[in-house]
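The values are calculated or read from the model by the stated rules, or taken from the named source; none is laboratory data. Small disclaimer: the values here were computed from a predicted structure and weren't measured. Note that we place each Cβ from the backbone using ideal geometry, even for glycine, and neighbour counts take in every protein chain shown. Accessible surface areas use protein heavy atoms only, side chains included; no ligands, DNA or RNA. Shrake-Rupley method; radii C 1.70, N 1.55, O 1.52, S 1.80 Å.
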Amino acid sequence: MQTEDYRQKFNRLFDIQFKNTPPAPLPHIHDVYEMMLVLSQGVFCNVNNRRYAVPCGAILIFNNMDLHGISVEKDAPYVRYVTYFQPGFIAHLSTMQTQLLECFFYRPFDTPWILPLTNEQRSQFRMLLDQTISVQQGASDTYGYDLLLQMRLAEVLICANRFYREYHGLTEQQISVKPFYEMLHYIHQHLDEKITLESLSKQFYLTKRDSSRLFHQAAGMSLGEYVVKCRVDRAANALIQGIRVDEVCEKVGFRNLSHFSRTFKKYMGLSPKQYAKAHKQ
């Protein structure tokens, strides 16, 4: 099975829906970016093998490397707006001043996936989502349909990033880290290869010191820690789908099966075989 089969797949470049269906509790990774406005009480987010309560009216933010699952209290409703999109759908709209994917990657915080909103912010964000759904439901062959949809999504992301900056008290000087996003994209595409601080620095014409500083500033961890986290998350997603442990080990870039097993257990609390068996049951 190929590496791209590790993720849930979505055929559309962009989709936004209002939902009240049950959640997907099993840990999973999307091949798209996901943003949810949660409108119910009793919702929990499971990320990196830990469970977090999600306040009603909060936004959940997941990139294509976040292993996550959602659960709710017994018989509780699960009402939310869900937005999925391929980053390439709006990438050309980002500028040096405005990086639309900022909240998906700038994460030197304990729970960057959860963005609580005030009542006023929630109303504003919900209005933007409703307007975007209205555009999406129009005739796709109408002149300007594609650009209008991109512009609406950009407006939604601008709003989310403003709330993200405000909630975390960020300033423009703190997050002027454009090369970081390019480095992350490269890492995500080459996880099955050997990635070192030296090789990455050469790839982006940076010194090792600058690359190291950039990662700690934006990701809240070292390059090595980030690469291992991504590999473990991708491995967990593959194991749930029934892929053999030795095959997973090779596909996610570990060169030694025993090292893979030790590292996986350190992060997930179970060995790869135990993890696969637990989720199969």
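Quick one: accessible area per residue over region 200-281, 1.4 Å probe, rounded to a whole number of Å²? Please report the intermediate quantities before stating the final value.
Details: 4520 Å² over 82 residues.
Per residue, region 200-281 has 55 Å² of solvent-accessible surface.
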The chain: relative contact order in percent, alpha carbon pairs under 8 Å with at least 6 residues between: 18 percent
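Taking every eigenvalue of the Cα gyration tensor of region 21-151, multiplying by 5 and rooting it, what semi-axes result, largest first, whole Å? Working shown, then result.
Values: eigenvalues 134, 67, 43 Å².
Whole-Å semi-axes of the equivalent ellipsoid: 26, 18, 15.
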Rg in Å to one decimal, and Dmax rounded to a whole Å, for region 111-218 via C-alpha atoms: 18.7, 51
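Counting only heavy atoms of the protein chains, get the accessible area per residue of region 1-143 (1.4 Å probe) and round it to a whole Å² value.
48 Å²
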Distance (nanometres) between label positions extended 7 Å along Cα→Cβ at K266 and I133: 4.5 nm
Cα extents of the chain along the three principal axes, largest first (Å): 52, 49, 39
Phi to ³J(HN,Hα) by Karplus 6.51 cos²θ - 1.76 cosθ + 1.60 over region 245-255, Hz, x for Gly, Pro: 4, 5, 5, 4, 3, 5, 5, 9, x, 7, 9
Entries in K19/K251; K202/K265; K251/K277 that, when Cα-Cα distance is taken, lie over 30 Å: K19/K251; K202/K265
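Express the relative contact order of region 160-281 as a whole percentage, based on alpha carbon pairs under 8 Å and six or more residues apart in sequence.
On the way: 87 pairs, mean separation 25.2, N = 122.
Worked out over region 160-281, it gives 21 percent.
In whole percent, and with a 1.4 Å probe on the protein chains, what portion of the accessible area of the chain is carbon and sulfur? Write out the running numbers ahead of the final one.
Working: 7280 of 14420 Å².
In the chain, the share of accessible area belonging to carbon and sulfur is 50 percent.
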For region 177-281, Kirkwood radius (reciprocal of mean inverse C-alpha pair distance, Å): 14.5 Å
Distance between region 24-97 and region 184-200 - C-alpha centres, whole angstrom: 25 Å
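Hey, could you get me the Stokes-Einstein D for region 208-263, Kirkwood radius over alpha-carbon pairs, 25 °C and 0.890 mPa s, rounded to whole µm² s⁻¹? Don't skip to the answer; put the middle values down first.
On the way: Rh = 12.3 Å.
Estimated diffusion coefficient is 200 µm²/s.
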